[in-house]
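In what follows, a single structure is set out as structure tokens and then discussed.
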Amino acid sequence: MSETFTGSFTQQEPIPEDAIEAALAVLRHGRLHRYNVADGEEGETALLEQEFADQMGAKYCLAVASGGYALAISLRAVGVKPGDKVLTNAFTLAPVPGSIASVGAEPVFVEVTEDLTIDLDDLAAKADQAKVLMLSHMRGHLCDMDRLMEICDGAGITVIEDCAHTMGASWNGVLSGKHGAVGCYSCQTYKHVNSGEGGLLITDDEEIAARAIMMSGSYMLYGRHLAGPGPEVFERVKYETPNISGRMDNLRAAILRPQLRDLDTQVERWNERYRTVEEGLRGTPGLTVVERPEQEVYVGSSIQFLLLDWSEEAVQEAVRRCAARGVELKWFGTPEPVAFTSRYDSWRYADTPRLPKSDRVLAGIIDMRVPLTFSLEDCAQIARIIRAEVSAVYQGA
Ligand SMILES: *Cc1c(COP(=O)(O)O)cnc(C)c1O
């Protein structure tokens, strides 16, 4: 009898008890709106921003309604205008090109490598096409950030980092989100902290911070931000910055503050699971493990491997056989977009030529979530199942 996995790939851990207590306190006093504070009270959202700025070593932080919202207002805050072109990854999630489209700008996609990071040669070749790069650290893979910044600084390109999968990660000792002008994070259920929906943005630039705060819907209450610039900066921008309401509320912030204090522990727990799956997959015939560079500290909340140059039918067969044994794999090569879309050719509002290198890599990427509700034994079992089914298909069984 072959073994079957019975766990759920979409079940995250419950909200920690101290976060539930904090949420109940907010519900009991009823002041959920971030600017609805009692005399002398700072409010959960303002405190969250202050704590996250400290944690990341950033000057300014803003909490907002979602990660995608953080991306969109960052683009606008750095000065992207309708009709502008913005460089971004061909391999990313739909809200990334979506944020570019939402400000009336046009994505220019950069190829992806077999390491699942942005192709730096292609980026260098396209560097004269845009003044802004929306860099997505898709599925937590960090490119050589030193070389990327060299290319972008040399070409006068402003970098916004999409850190939806790299909260807690770093490159060469620098936290992800601290290389570019702005770092954006998601607090959505499937990311590294869970408030259902939510986003965070950090920057060291006072004008970007002031514009983002005003756009998020601060009205003239920006003085209540504990992680914002001084009033003189808002004086410079307040009449020309539209309110594009998208605040975070005190309830979500209350749930997030205790979770952020535990982030490093959670990262360790994800990585034990990731390494268990990775070890179990290493050496499987026909399967390429994505090697992680030494300079990268990653967060293994999901794992990817490649079935490079396999036929469509063979990949589908491997995915089907794993599913029959309870292992849910996502294939990025499906011709028709399903569930969360991550292929540049699904986003037809952008007029994009074919990207041959990305087509080859995307056709081979298999993706799997690694929720913290899995035990290490679960992870070992999952790897055994994938190994058996992928080998069987590869060897024509
Ligand atoms: C989830 C995600 C986002 C957007 O975050 P939301 O909070 O869902 O808006 C952006 N980029 C990537 C790569 C993501 O996975």
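Taken together, the values in this text are just the output of simple stated rules run on the coordinates, not laboratory data. Remember, predicted model here, so these are calculated numbers, not experimental data. All Cβ positions, even for glycine, are placed from backbone atoms using ideal geometry, and neighbour counts span all protein chains on display.
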For the chain, the dipole about the Cα centre with charges only on Cβ (Lys and Arg +1, Asp and Glu -1), to the nearest 20 debye, works out at 820 debye
Sorted largest first, the C-alpha extents of the range 286-397 along its principal axes in whole angstrom are 46, 38, 27
About its Cα centre, the range 19-117 carries a charge dipole, from +1 on Lys and Arg Cβ atoms and -1 on Asp and Glu Cβ atoms, whose size in debye to the nearest 20 is 420 debye
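Apply 1/(1 + (r/R0)^6) to the Cβ-Cβ distance of residue 245 and residue 295, taking R0 = 41 Å, and write down the FRET efficiency to the nearest 0.05.
0.55
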For the range 263-396, the dipole about the Cα centre with charges only on Cβ (Lys and Arg +1, Asp and Glu -1), to the nearest 20 debye, works out at 200 debye
When 184, 379 are arranged by how many other beta-carbons sit within 10 Å of their Cβ, fewest first, they go 379, 184
Sorting 123, 99, 241 by the position of each Cα along the dipole of the range 17-261 (Lys, Arg +1; Asp, Glu -1; all at Cβ), the one nearest the positive end of that ordering is 241
Lys and Arg at +1, Asp and Glu at -1: neighbours of residue 265 with Cβ under 14 Å from its Cβ sum to -3
Dimensionless Rg/Rh of the range 205-317, both radii on Cα and Rh by Kirkwood, sits at 1.22
Mean separation of Cα contacts under 8 Å (at least 6 apart) over the residue count of the chain, i.e. the relative contact order in percent, is 22 percent
Neighbour-count ranking for 162, 262 (other C-beta within 10 angstrom, fewest to most) reads 262, 162
By the mean-Cβ-within-10 Å protection proxy, highest first, 5-13, 292-300 rank as 292-300, 5-13
In the neighbourhood of residue 376 defined by beta carbon distances under 14 Å, the net charge of the other residues (Lys, Arg +1; Asp, Glu -1) is -2
With the dipole of the chain defined by +1 on each Lys or Arg Cβ and -1 on each Asp or Glu Cβ, the option from 90, 155, 36 whose Cα lies farthest towards the positive pole is 36
Descending packing, highest mean Cβ count within 10 Å first, for 86-96, 45-55 is 86-96, 45-55
With no solvent term and unit scatterers on the alpha-carbon positions of the chain, Debye gives log₁₀ I(q)/I(0) at q = 0.07, 0.10, 0.15 Å⁻¹ of -0.33, -0.67, -1.37
